[in-house]
1. For a quick check of understanding: with a 1.4 angstrom probe and all protein chains in place, what accessible area in square angstrom does VAL610 have, to the nearest ten?
2. Once the Cβ-Cβ distance between GLU521 and ASP339 is put in as r, and R0 is 45 Å, what FRET efficiency do you end up with, to the nearest 0.05?
3. Report ³J(HN,Hα) in whole Hz for each residue of the stretch 304-311, in order, from the Karplus equation J = 6.51 cos²θ - 1.76 cosθ + 1.60 where θ = phi - 60°; Gly and Pro get x.
4. Please list, ordered by chain and number, the residues whose modelled amide H lies under 5 Å from the amide H of ASN187; skip anything fewer than 5 residues away on the same chain.
5. Once amide H atoms are placed 1.01 Å from N in the peptide plane, what residues at a sequence separation of 5 or more from GLN456, or on another chain, have their amide H within under 5 Å of its amide H?
6. With a 1.4 Å probe and all protein chains kept in place, how do ASP569, ASP695, ASP252 rank by accessible area, largest first?
7. Strictly over 21 Å apart at the Cα level, which of LYS400/LYS454; LYS328/LYS400; LYS328/LYS606; LYS606/LYS689 would you flag in this model?
8. Percent relative contact order of the stretch 121-256, based on C-alpha pairs within less than 8 angstrom and at least six residues apart?
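The values are calculated or read from the model by the stated rules, or taken from the named source; none is laboratory data. All figures in this text were calculated on a predicted structure; none of them were measured in a lab. A quick note on method: Cβ atoms are made from the backbone with ideal geometry, for glycine too, and the neighbour counts reach across all protein chains shown. Accessible surface areas use protein heavy atoms only, side chains included; no ligands, DNA or RNA. Shrake-Rupley method; radii C 1.70, N 1.55, O 1.52, S 1.80 Å.
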Amino acid sequence: MSNWRLMLATWIVVAAALASAGVGAQEGGVVRDIEVVGAQRVDPDTVRSYMRVQPGDALGPRSISNALKNLFETGYFSDVGIDMRDDVMVVTVVENPIVNRIAFEGNRRIDDETLNPEVQLRPRQIFTRSAAERDVRRILEIYRRSGRFAASVEVKIIELPQNRVDVAFEIEEGDQTLIERIVFIGNRQFSDSDLIGEISSKEAAWYRFLSNDDVYDPDRMSFDRELLRNFYLSEGYVDFRVVSAVAELTPDRDGFILTFTVEEGPQYNFGTISLENRLSDIPDFRLSFLLKPQTGEIYDREQVSETVNELVDAVGDSGFAFVDVQPKSTIRREDRQVDIVFLVDEGPRVYVERIDIEGNLRTLDQVIRREFGIVEGDAYNTSKIARATRGVRNLGYFRKVDVSNERGSEPDRTRVKVEVEETSTGEFSIGAGYSSESGGLLTLRLGERNLLGKGQQLALSTTLAEEQNEIELSFTEPYFQDRPISVGGDIFRIVQENDDVGSYDLERTGSRLRVGYKLSENWNQRWRYTVARRIVKPHASNTSVLRSSTTSSVVGHEVAYDTRDNRFDPTSGNILSLSNDLAGLGGQARYLRTDVRGTQYLPVSKKPPVTLALSGRVGVIHGLGKDVGLVDRYFLGGRSLRGFESGGVGPRINEGTNSGIAIGGNYLATATAEAIFPVSLSADDLGLKARIFADFGTLTKVEDDGLKQKFLDESSIRGSLGFGISWTTPLGPLRLDFAWPVMKEEFDRDETILFSIGQQF
């Protein structure tokens, strides 16, 4: 029932009561007493106080009308009557019932836990029809936001003893109302398909079963207007505007047609680009090279925003906590150019009043707060906030991270608002492969990357194969004793069984301790100590020279420089590392190993987004007073050189029936070039990406006086070409690679097809 109908019904009741009261009421009479009839929960004195009529007051139609109105407005009564018996006012009330229980029926798509907080009626509260109708409207709004515009809700009242009721909302959910078609009017420079790729709403399609982007949402449509504007501004259309955005139901009411009417206007170029630096302590030349826009290029608002961010970061890193960078634009429409002056000045002094964190249902606040370089009371610093945002994203615990500012209680105070959306941190990973030489391979990993919401990592992994079994248990505490020091440990056992003629078995059992810390914002260092027992068991008597049983005690460290924008899905930045391992502080192994690795991520294009990843590795191991043992050498192939079997490249024994046994090498070098791009069919919906790659590598040099057999050893470069796909699934990234050798030696072993699902570390 709508509000006007409720008001009409109320006044009808009031009018009827007035008519009844008017029989015994005399203009100018005096009320001697007030008698309340029918009150059960509400005290009679309380009823009298609501009426605002007291014994001794003059009585008339207006006073009776006001008394009735006041009683109805309390919401406690469903009916009120007033009757005069001589000079006694008799007030008869019928109380509204009390809600005993709230129930939802027929809701399969939206559960009770979602609907309960949205309704205002609560058990032990007074039931009113108007409150129930407001709740109905709210439930319908929730269903419409989920795309179910055909939903209907009916309130069912079940009367109970003692004037109590059960309230049941009977819901008919209906089908989702999907977006049947998206139409653009007025677009001449870009096709409909181009513009659909820029907005978040999508037309209904079978492959969008894992997303709801094809469900009509008014808020999403408003967001699409801004996305269209951002797109056109990045393409130089400064005068662009969305004239209208309309959603219409199809005639059969089973879908929506979205229509965007736009005005593109002419395309503009950058005109004069200049810098106005009002900070005397920073010379202009330190900031001028950060200006991205170039005169004559097509105007791009993203370049302007990126320049502002880089100027703010550069000034902030120079010690200026308060900086204000404003791009002043002058549009010259006759020349179709935009002149921009980047004004750099000292900004208002603003301090962090509070850091509010929302959306972390499982992750503790302190896990997020420790990524921030500032706390409440510190000077607000944009560059530190940006680095903190990247740090929270790199934790890998959240699907979405948004950091924004809100006005504080004072003009010089700001509140930092951190909104996160958690993702699954439990891990179930599978890796599989097959080749004619090694047979089938299955890798299982169970882990939790955010144990108890504290950011701790616990994992159990095992590999089951025809020729290798492996099990490892690892634990990592990222903030030991509430300090930015990572401490962890591993226990492992590896049994590698080679069933080929003349091969050997390898057993490794040991443990490892790890400690890591930051040297600066982008530099970090890790130390490790590993002790292991290694046993080599030859299968054939004429390879008994390979037999060994040694213990290794290895101290190692790694220094890394990391500027990647995202640790899990990088599109820009690089990571460089140098590591050393020294064996000899106990045990029989004696060597020094050095590894240098590096990867550069380059954004090649924005539309479509293509990332080029260039990586390389160089490794050298030297024996200290003795030869490097078989188990300590490098092996190449598999994931390290796609197109070749794991251990399929490098020195091999070449004598008798034992030909083909990989014995590893002391010198290793690899290089990879990989282009990564989304699959156009559903890149925005399913996270499906493709890549093409070229892998190159070499492994050579064996120093082993005890190895009497001759061995094949070629230092030539091996190479492969291939392609792969990856898909972000609820279980983690799925990855499948195919590659074919294009540069190889006759004794090299061909590839194992690699398949994996789940985040690997």
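1. About 30 Å², ignoring ligands and nucleic acids.
2. The pair GLU521/ASP339 has a calculated efficiency of 0.80.
3. 5, 5, 5, 5, 4, 5, 5, 5
4. Long-range HN contacts for ASN187: VAL262.
5. Distant-sequence amide H within range of GLN456: LEU451.
6. Sorted descending by solvent-accessible area, the residues read ASP252, ASP569, ASP695.
7. The pairs that break the limit, which is 21 Å between Cα atoms, are LYS328/LYS400; LYS328/LYS606.
8. 19
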